[in-house]
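Below is the structure I would like to discuss, written out as structure tokens.
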Amino acid sequence: MPTIKSSYLGNLRTESEHLHSGTQLITDAPVDNNGKGEKFSPTDLVASALGSCMVTIMGIVATRDSVSLDGLTWEVTKIMQSNPRKISEIIVEFHWENPINDAAMIQKLKNAAKTCPVALSLDPEIKQTLKFDF
């Protein structure tokens with residue numbers, strides 16, 4: 001059974017629906033690749049998926065160990081190369097306003113981030129640079 005159903009809307013724009021929830025998203029080609037850049041590009045979604053997956057797995061670990069991740073935010077930078085055009089690096093910078101004072105738990109959370117399914121699924125040629133501000 002499919003997870004996602006998508007269609008081409010024209011003008012380098014696509015629409016996808018998550019069939020279980022009905023949530024929809026639209027992508028545009030980026031401005032530097034003939035698009036309007038009015039929505040996430042497909043490669044933006046890949047980069048965003050990496051950060052979101054990392055935090056989701058960190059959240060699973062934190063919940064299991066009764067730790068709150070309140071105040072945790074992250075920023076993602078996607079770096080493209082031109083020949084061939086593809087993602088060359090994704091930088092994820094995590095910021096945590098009031099981290100817990102437990103070095104072992106902090107390390108456990110960092111390890112969880114590094115082993116999330118998206119991180120393990122990306123081509124090894126895509127450099128994953130993680131910065132933990134906590």
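The values are calculated or read from the model by the stated rules, or taken from the named source; none is laboratory data. Keep in mind it's a predicted model, so treat the numbers as computed, not measured. In this analysis, Cβ positions are derived from the backbone assuming ideal geometry, glycine residues included, and neighbour counts consider all displayed protein chains. Accessible surface is based on the protein model in full, side chains and every heavy atom, while ligands, DNA and RNA are left aside. Shrake-Rupley method; radii C 1.70, N 1.55, O 1.52, S 1.80 Å.
Of all the strands (runs of 3 or more DSSP E) wholly in segment 1-53, which have at least 3 residues that are closer than 22 Å to D123 by Cα, of a type outside the set (V, I, T) and over 21 Å from the mean Cα position of the chain (by Cα)?
By residue number, no strands (runs of 3 or more DSSP E) qualify.
Checking the condition within 15 Å of A119 (Cα to Cα) and open to solvent by 50 Å² or more (accessible area, probe 1.4 Å), which residue from L25, L45, L50 passes?
One residue alone meets the criteria, L45.
(1) at pLDDT 95 or above; (2) surrounded by 12 or more Cβ atoms within 10 Å (Cβ to Cβ): which one isn't true of L120, the others all being true?
(2)
Here's a follow-up. Consider I57 carefully, then state whether it is of a type in the set (V, I, T), touching a helix residue (DSSP H, G or I) at 6+ places or on another chain (Cβ under 7 Å), assigned to a helix (DSSP H, G or I) and open to solvent by less than 60 Å² (accessible area, probe 1.4 Å).
Criteria met by I57.
Of the residues in segment 103-117, how many are of a type in the set (D, E, K, R) and either open to solvent by less than 70 Å² (accessible area, probe 1.4 Å) or within 26 Å of D44 (Cβ to Cβ) (or both)?
Residues in segment 103-117 being of a type in the set (D, E, K, R) and either open to solvent by less than 70 Å² (accessible area, probe 1.4 Å) or within 26 Å of D44 (Cβ to Cβ) (or both): 2 in total.
Still on this structure: What's the number of the condition A62 fails, among (1) buried (at least 16 other Cβ atoms within 10 Å of the Cβ); (2) within 22 Å of P117 (Cα to Cα); (3) touching a strand residue (DSSP E or B) at 6+ places or on another chain (Cβ under 6 Å); (4) not acidic (D, E)?
Going through (1) buried (at least 16 other Cβ atoms within 10 Å of the Cβ); (2) within 22 Å of P117 (Cα to Cα); (3) touching a strand residue (DSSP E or B) at 6+ places or on another chain (Cβ under 6 Å); (4) not acidic (D, E) one by one, A62 breaks only (3).
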